[in-house]
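Visitor: One structure, pasted below without further comment.
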Amino acid sequence: MNLKGEPAFVGRHCGSSVHEITPEVVAFYAEALDDHCPLWNEIAPPLLHHSECYKFLGDWYLKNLFGNLHARQEWELFAPIQIGSRVRSRSTIIDRYTKRGRDYVVNETDLLDADEGQLLVRGRTHQSFLPPKDRQSEGGFVVDERTAARKESRAPFPTAGGPELPLLKKSVDARRCWMFSGPGKNYHTDREAAKQLGFPNIVVQGMMSTCFISQVMGDHFGLGWMVGGKMDVRLTNVLWVDETVTAHAKICEEVPEGRRTRVHCDVWVDKDDGTRIALGSASATRE
């Protein structure tokens, strides 16, 4: 599909696909993320189609791809994805805004049971773009290891005072990047492709950090995460290939929700050197 850039207007339908949820697809995800939850024998990981929105780039990405970054990701989980089922996606632009000199487009992608129509998963992807005039000269990098280290000071985080859930440590090598963001060459899988878009090395796809957080929540809450789970995460720094990260979740509060209790958590992902690449909130339910 040709990248059309404009007009990326609010309300634009960007595309739809149908997918078969096979054991082989689930096994590939489990290997790619090293996520071998026993539940995957019966249901699929909730973020199995984490990058569905990027299948419709031509209908919502802006023209200047140089230096574009995934800035924020929201997830809402409504029902388990059954192995053997068919799912249908639908992709829509729901917002556009400008912040700190960057243009943002928000894509909402729903995943529904293709036969019953039930809403299973909803993702909202906030993608940021440099204005066309800010395209760098050949060989220049819009973000590298040095500039990525210079971040504005932020409010203290986490502020949660409850117990911390078991940590999840992951190393992200080139093979994992290919399994997660391939099979084609792009700036998440290939160094030369990354350089063409203003980065000195492979940029690990931001969705991967959200999948790590989902694994932390799923391992602890089980179906209470798959049915009713919520996540809102800001991607605050670049993760480069061959770096190691740890995903955290710490309980903030528990509030009644009908016959269930919703458990709210602070969630974040840090590199080994302490650089924070993602932070935000997530919640799950329990009886």
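No value in this document is a laboratory result; all are computed from the given coordinates. Note that the coordinates shown come from a computational prediction; the quantities given were computed from them, not determined experimentally. Glycine also receives a Cβ, built like all others from the backbone with ideal geometry; neighbour counts cover every protein chain displayed.
Visitor: Nearest 0.05, what FRET efficiency do ASP273 and LEU39 give at R0 = 35 Å with Cβ-Cβ as r? Could the numbers behind the result be given before it?
Guide: On the way: r = 33 Å, r/R0 = 0.95.
About 0.55, to the nearest 0.05.
Visitor: Note the listed values (i) 19.5; (ii) 21.7; (iii) 20.8, then indicate which one is Kirkwood radius over Cα pairs in Å calculated from this particular structure.
Guide: Checking each listed value against the structure points to (i).
Visitor: Right, something else. Please report the relative contact order for region 13-286, taking Cα pairs under 8 Å with a sequence separation of at least 6, and give it as a percent rounded to a whole number.
Guide: That works out to 20 percent.
Visitor: Which order do LYS250, LYS99 fall in if you start with the one that has the fewest other Cβ atoms within 10 Å? Each step should come with its number before you reach the end.
Guide: Numbers: LYS250 16, LYS99 10.
Ranked by crowding around the Cβ, least crowded first: LYS99, LYS250.
Visitor: Sort the following peptides by mean Cβ neighbour count (other Cβ atoms within 10 Å, averaged over residues), highest first: 179-191, 8-20.
Guide: So the order, starting with the most tightly packed, is 179-191, 8-20.
Visitor: Moving on. Beyond 21 Å between alpha-carbons counts as too far, so tell me which of LYS169/LYS250; LYS63/LYS230; LYS63/LYS195; LYS170/LYS195 fall in that bin.
Guide: Going by Cα-Cα distance, LYS63/LYS230; LYS170/LYS195 fall outside the 21 Å limit.
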